[in-house]
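The values are calculated or read from the model by the stated rules, or taken from the named source; none is laboratory data. The model shown is predicted, which means the values in this text are computed figures rather than measured ones. Note: ideal-geometry Cβ built from the backbone for every residue, glycine included; neighbour counts use all protein chains shown.
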Amino acid sequence: MKRLPEILAPAGDMTCLQTALDAGADAVYLGLDTLNMRRLATRNFTRATLPEASQRCRARGVRLYLTLNTIVYEPELPELEATLREAAPFIDAAIVSDWAAVGACKRHGIPFHISTQKSPHGPDPDPRPAHRHRRRARNPRPDHRRYRTDRDRDAP
């Protein structure tokens with residue numbers, strides 16, 4: 001059986017979420033107002049809006065992932081635990097980049113995917129030691145300037 005790639009779309013608010021759903025996304029990722037790289041963005045979901053986001057996704061058969069892709073410092077550990085405890089019924093998985101978030105996901109029985117921030121980089125990355133127990137890893141964003149330079153260098 002051939003597996004198709006998952007079409008994963010970002011959502012910063014309910015309007016963006018609905019747009020992703022209407023466009024046919026297989027999954028949507030969102031961040032709350034804390035513990036994600038876009039927490040300072042003008043728009044984010046909150047713990048109060050997460051249930052509605054989940055309901056909209058489930059009505060369409062779309063998976064919902066919560067991004068927890070920041071470094072989690074010791075004072076933030078209780079907040080991490082509380083966030084996952086409250087989010088667990090509404091999400092299909094978390095996208096994480098800190099080992100504290102990996103451990104918290106395991107404690108709460110939440111599947112997790114390794115964020116692009118934690119992905120292996122380099123010409124021959126070996127993710128096995130660093131990514132044990134993960135269900136999925138996001139590939140790093142390539143350095144397009146380097147590729148353009150390599151292509152230009154190799155052009156006839």
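Applying a threshold of 6 Å to beta carbon distances and a minimum spacing of six or more residues, or different chains, the list of pairs starting in the stretch 1-22 at a residue that is over 14 Å from L50 (Cα atoms) and ending at one that is in a helix (DSSP H, G or I) and of a type outside the set (A, V, I, L, M) reads L21/R60. Checked against (1) at negative phi; (2) crowded, with 20+ Cβ neighbours inside 10 Å, L35 meets all criteria but (1).
Within the option set A53, A93, A104, being crowded, with 16+ Cβ neighbours inside 10 Å and in contact with a Pro (Cβ under 7 Å, 6 or more places away or on another chain) holds for one residue only, A93. In the set Y73, Y29, Y65, only one residue is loosely packed, with under 14 Cβ neighbours inside 10 Å and among the aromatic types (F, W, Y); that residue is Y73. Within the stretch 91-110, work out how many residues are assigned to a loop (DSSP other than H, G, I, E, B), modelled with pLDDT of 95 or more and of a type outside the set (V, I, T). Adding up the residues that qualify gives 2. For R38, indicate whether it is charged (D, E, K, R) and touching a Gly at 6+ places or on another chain (Cβ under 6 Å). Yes; evaluated as a whole, the condition is true for this residue.
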